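The structure under discussion appears below in the form of structure tokens.
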Amino acid sequence: MEFAFDSRTARLRTELLDFMDTHVYPAEAKFAEQLAGLTDRWAWDSAPVLADLRAEARRRGLWNLFLPGAHGAGLTNLQYAPLAEITGRALHLAPPALNCAAPDTGNMEVLAQFGTAEQKQQWLTPLLDGRIRSAFAMTEPDVASSDATNIATRIERDGDEYVLNGRKWWITGAMNPNCRVFVVMGKTDPDADRHRQQSMILVPRDTPGLVVERGMEVFGYDDHDHGGHAQLTFTDVRVPAANLIAGEGDGFAIAQARLGPGRIHHCMRAIGVAERAVELMCARAEERVAFGKPLARQGVVQDWIAESRVKLEQLRLLVLKTAWLMDTVGNKGAHTEIQAIKIAAPRTVQWILDKAIQLHGAGGLSQDFPLAAAYAGIRTLRFADGPDEVHKNSLARAEIRRQADKRGRR
Ligand SMILES: Cc1cc2nc3c(=O)[nH]c(=O)nc-3n(C[C@H](O)[C@H](O)[C@H](O)COP(=O)(O)OP(=O)(O)OC[C@H]3O[C@@H](n4cnc5c(N)ncnc54)[C@H](O)[C@@H]3O)c2cc1C
């Protein structure tokens, strides 16, 4: 078992840590200021400071690190994991600066893996270049969308076109006018087998009949700093048949393929969020004095700090093991571990953020520290890419099967 970074990862890590110190952290306040001054508050990726960061990231070879294969940096999951963690320390600035932000990452993976040459040229190339952004539209207000077979939006063939009708919500990034294309999941054949009814199709933003209705809020945060979460209506939206991704009935399988890497990326970044919270917690504990001594000398505070460190180290090991499994036995073979980290990461990081907020007093709940916004963001991870309960059900079923097999072998 090898715990050290390989030479490429070590080199990229050094470069990225330097980029964070010299460019990203110093730009955080400027980014917030420029966002507040935008005419269209949703056009977050037009903030000039982001363009500067992107140019610098490209110059340093820190671009599209998430994407394996020829289209991206070609890193393994195990190589990307420690880098994604570092970007989580400045969650709303570092991932887009490196062109490694969701949901574009997942959409680029889908296009790289399943797109036709034309689809790649039209959408993958500008996405890889960071010129446009995209959204992934699966969840619907009218059905329990944690069960993807419930998705009801219709995609019906009509000559050389497909016609879409339906409603979506919580579509991340879609309030941004530069979100130029939507990867939409819907039903092409409601009578087919349960997992062959769905297809995925590309819908350009300007297509008539597609209306961006409103932005959803998370505990009052509209998340305009990464394009919000939109509710959309599709009314007789017509797109060329060539916009279908892979074949009719392949939508469910593509969604599964998309979610494996997406989930681990979220977990890696979440560890970075928690590391920054521990840093803030320790600094505050040392400088703040109550009842005659620094908070750092209160046993309960020491307990929070020690528990945070133990939980974080445990979580990181599980995430890295999962990354290694994805590289060695594939996403399918790592399914159980991907579910385990998707359950463990938000829960662990939420616990640490809660303690960091508590230690900061009322200030911790406010806009003066990044903790409250991080807490809201991490809480949403217990739904996004599948609620905890769905992952637990499936993990438990797999464990029960595994134990039954073991008993059968005796
Ligand atoms: C901030 C944010 C961003 C998002 N971004 C996107 C996006 O970009 N694109 C997109 O398509 N979607 C997005 N989503 C939606 C997210 O993927 C869904 O909310 C999630 O899949 C759950 O679907 P639902 O909300 O319809 O919950 P439902 O399916 O209605 O489930 C409600 C609850 O029922 C319980 N439940 C469900 N199934 C089971 C089970 N098998 N066993 C036990 N309990 C169960 C769970 O507690 C679950 O939370 C986002 C959500 C959030 C909060």
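Scanning segment 366-398 for residues that are of a type in the set (S, T, N, Q) and either surrounded by 15 or more Cβ atoms within 10 Å (Cβ to Cβ) or within 11 Å of the ligand (Cβ to nearest atom) (or both) yields 380, 393, 394. When residue 125 is evaluated against the numbered criteria (1) over 15 Å from residue 102 (Cβ atoms); (2) outside any loop (DSSP other than H, G, I, E, B); (3) in contact with a Ser or Thr (Cβ under 8 Å, 6 or more places away or on another chain), which criterion, by number, is the only one it fails? All conditions are met except number (3). Confirm whether residue 288 is over 21 Å from residue 362 (Cβ atoms) and more than 34 Å from the chain's Cα centre (by Cα). No: the conditions fail for residue 288.
Go through segment 81-140 and give me each residue that's touching a strand residue (DSSP E or B) at 6+ places or on another chain (Cβ under 8 Å), within 16 Å of the ligand (Cβ to nearest atom) and polar (S, T, N, Q). 107, 134, 139, listed by residue number. Put simply, of 61, 74, 88 the only residue that is out of contact with any Leu (no Cβ under 7 Å at 6 or more places or on another chain) and modelled with pLDDT under 95 is 74.
Within segment 366-382, residues that are touching a residue at least 12 places away in the same chain (Cβ under 8 Å) have Cβ atoms under 8 Å from residues that are in a loop (DSSP other than H, G, I, E, B) and more than 16 Å from the ligand (Cβ to nearest atom) in these pairs: 369/360; 371/360; 372/366; 373/367, counting only partners at least 6 apart in sequence or on another chain.
When residue 99 is tested against the conditions (1) assigned to a helix (DSSP H, G or I); (2) on the phi > 0 side of the Ramachandran plot, the lone failure is (1). The set of residues in segment 148-177 that are part of a loop (DSSP other than H, G, I, E, B) and either free of Cβ contacts under 8 Å to residues at least 40 places away in the same chain or more than 16 Å from the ligand (Cβ to nearest atom) (or both) comprises 152, 159, 160, 177.
Per-residue answers, yes or no, for (1) within 16 Å of the ligand (Cβ to nearest atom); (2) basic (Lys, Arg); (3) buried (at least 19 other Cβ atoms within 10 Å of the Cβ):
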| position | (1), (2), (3) |
| --- | --- |
| 327 | no, no, no |
| 337 | no, no, yes |
| 345 | yes, no, yes |
| 352 | no, no, yes |
| 361 | no, no, no |
| 408 | no, no, no |
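Could you say whether any residue in segment 324-334 is of a type in the set (Phe, Trp, Tyr) and closer than 21 Å to residue 86 by Cα? Yes, because at least one residue in segment 324-334 is of a type in the set (Phe, Trp, Tyr) and closer than 21 Å to residue 86 by Cα.
Screening residue 258 against (1) in contact with a strand residue (DSSP E or B) (Cβ under 7 Å, 6 or more places away or on another chain); (2) under 14 Å from residue 184 (Cα atoms) leaves a single unmet condition, (1).
Whenever a residue of segment 110-126 is under 11 Å from residue 245 (Cβ atoms), its partners that are in a helix (DSSP H, G or I) and basic (Lys, Arg), lying with C-beta atoms within less than 8 angstrom and at least six residues away or across chains, give the pairs 110/258; 111/120. Being under 30 Å from residue 93 (Cβ atoms), in contact with a strand residue (DSSP E or B) (Cβ under 9 Å, 6 or more places away or on another chain), among the β-branched types (Val, Ile, Thr) and touching a residue at least 12 places away in the same chain (Cβ under 8 Å) is a property that residue 218 has.
The values are calculated or read from the model by the stated rules, or taken from the named source; none is laboratory data. Keep in mind that what you see is a predicted model, and the values were worked out from it rather than measured. Cβ coordinates were reconstructed from backbone atoms using ideal geometry, including for glycine residues, and neighbour counts include every protein chain displayed.
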